[in-house]
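The values are calculated or read from the model by the stated rules, or taken from the named source; none is laboratory data. These numbers come from a predicted model, not from an experiment. Neighbour counts run over all protein chains shown; Cβ positions are idealised from the backbone, glycine included. Ligands, DNA and RNA are excluded from the accessible area calculation, which covers all protein heavy atoms including side chains. Shrake-Rupley method; radii C 1.70, N 1.55, O 1.52, S 1.80 Å.
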Amino acid sequence: MTLPLQEAARAAVRGGTPPRDWNPVYRALAAGVVAGAEAAGTAGPADGGTPEGPETDERTDVLQRQLSARALLVVTATQEDGSTRRLRIGLAPDGATFESSRDGEDSRWWSAPLPAAGEEILALLAEAGVHGPAALTLDDAAPALRPSPAQLERVREELARGAGPEEAFAALEDLDPRLRDALAARGTRLALSLTLHDPQEGPGDAAAASFSRLWVRGALGLYRSDADGPPGQVRPVGDGDVLGTALPLLEQGLAFAASRTTRGGAR
């Protein structure tokens with residue numbers, strides 16, 4: 001089905017899935033719907049129970065499963081022309097649910113057996129021009145490149161004067177060429193994130209755990225950075241590093257979701 005995210009969120013509330021039971025990603029994306037539900041007193045119990053309401057059909061069930069996924073893997077690809085494709089995958093032992101969108105278009109929602117998760121990721125990466133077999137690059141095989149504190153301060157000064165990123169980094173004559181290429185890159189950008197949560201382990205988003213990794217295509221190759229890493233730090237990697245990261249995240253997400261199947265409120 002094709003449906004705007006906000007309408008999907010409202011449908012999930014009407015179907016009886018409490019917003020406090022949603023994955024934190026969707027709580028943030030549909031903050032207005034969450035606030036309205038909480039103000040109306042329909043936020044629901046944290047134990048995953050659902051208030052009495054109308055029977056849900058198959059379409060609503062897909063939305064409920066997706067928004068309340070215990071493990072949500074998000075893949076985003078932004079092309080050089082600025083067009084952005086998003087794929088959000090809800091993982092559960094009995095199958096996967098999906099939300100896919102491009103730029104400001106309405107989202108597509110569906111469910112499929114678990115192998116489809118890998119197939120959809122492969123298709124998105126191919127569309128973004130990222131090919132090759134999975135090959136996770138270990139940190140010791142790709143030494144980190146990062147600007148010194150003095151270099152970072154100089155870049156901040158240049159940006160404060162109105163210079164663009166490429167111009168600001170170009171002013172650093174002693175910067176590693178690969179680092180300059182990565183920090184001023186205008187090529188395809190990719191992002192992977194996994195968000196795990198279990199409402200029984202704490203209120204709201206307190207018990208959520210997440211991991212995020214980013215890649216950018218420069219003139220000299222592909223570079224990786226982690227959201228929690230030092231500012232400006234990147235590692236040169238091959239194309240296979242993206243899929244090499246995605247597959248372990250899929251496995252981790254599924255293992256987490258499976259561990260909650262015997263807990264109340266988990267699907």
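Here the 3J(HN,Hα) profile of the stretch 105-116, calculated from phi with Karplus coefficients 6.51, -1.76 and 1.60 at θ = phi - 60°, is 6, 5, 7, 9, 10, 6, 10, 6, x, 3, x, 5 Hz, Gly and Pro shown as x.
Taking 0.36 nm per residue of separation and subtracting the current Cα-Cα distance, fully stretching the chain between Ala141 and Asp57 would add 25.2 nm. With unit charges on the beta carbon (Lys/Arg positive, Asp/Glu negative), name the residue among Val25, Ser148, Gly244 whose Cα is farthest towards the positive pole of the charge dipole of the chain. Looking along the dipole axis, the top candidate is Val25. Rolling a 1.4 Å probe over the protein heavy atoms leaves Arg10 with an accessible area of roughly 100 Å².
Which FRET efficiency value, to the nearest 0.05, is calculated for Ala126 and Glu173 with the Förster distance at 51 angstrom and r the Cβ-Cβ distance?
Numbers: r = 39 Å, r/R0 = 0.76.
My answer for the efficiency is 0.85.
The alpha carbons of the chain give a radius of gyration and a Dmax of 20.6, 66 Å, in that order. The residues of the chain present an accessible area of 48 Å² per residue when probed at 1.4 Å with all protein chains retained. Helix 58-67 and the longest principal axis of the C-alpha atoms of the chain enclose an angle of approximately 50°. Shown in residue order for the stretch 119-130 are the 3J(HN,Hα) couplings computed by the Karplus curve 6.51 cos²θ - 1.76 cosθ + 1.60 at θ = phi - 60°: 5, 5, 5, 4, 5, 5, 5, 4, 5, 7, x, 9 Hz (x for Gly and Pro). Applying a DSSP loop filter and a limit of 14 other Cβ atoms within 10 Å to the GluC sites (Glu not before Pro) in the stretch 130-229 leaves Glu173. For the chain, the mean residue ellipticity at 222 nm estimated from helices alone is -10500 deg cm²/dmol, where every DSSP H run of n ≥ 4 contributes -39500 (n - 2.57) and the total is divided by all residues, rounded to the nearest 500.
By a 1.4 Å probe calculation restricted to protein chains, Thr97 has an accessible surface near 0 Å², given to the nearest 10.
Test of understanding: what is the full-extension gain from Gln6 to Ala31, defined as 0.36 nm times their sequence separation minus their Cα-Cα distance? Provide the component values of the computation, followed by the final result.
Numbers: separation 25, 0.36 × 25 = 9.00 nm, distance 0.91 nm.
Result: 8.1 nm gained on full extension.
Counting heavy atoms of the protein chains alone, Glu58 has an accessible area of about 150 Å² for a 1.4 Å probe. With a 1.4 Å probe rolled over the protein heavy atoms of all chains, the accessible area of Asp140, Asp106 falls in the order Asp140, Asp106, largest first. On full extension, the segment bounded by Leu114 and Ser210 gains 32.5 nm, given 0.36 nm per residue less the C-alpha separation. Ordered by solvent-accessible area of protein heavy atoms (1.4 Å probe), largest first, the residues Arg180, Arg146, Arg88, Arg108 come out as Arg146, Arg108, Arg180, Arg88.
Take the solvent-accessible surface of the protein heavy atoms, probe 1.4 Å, and return the percent of it on the stretch 156-260 that carbon and sulfur atoms account for.
Values: 2610 of 5010 Å².
Result for the stretch 156-260: 52 percent of the exposed heavy-atom area is carbon or sulfur.
Relative to the longest principal axis of the Cα atoms of the chain, the long axis of helix 240-259 makes an angle of roughly 30 degrees.
Distances between placed amide hydrogens fall under 5 Å for Val237 paired with Leu222, Tyr223, Arg224, all partners being 5 or more residues away or on another chain.
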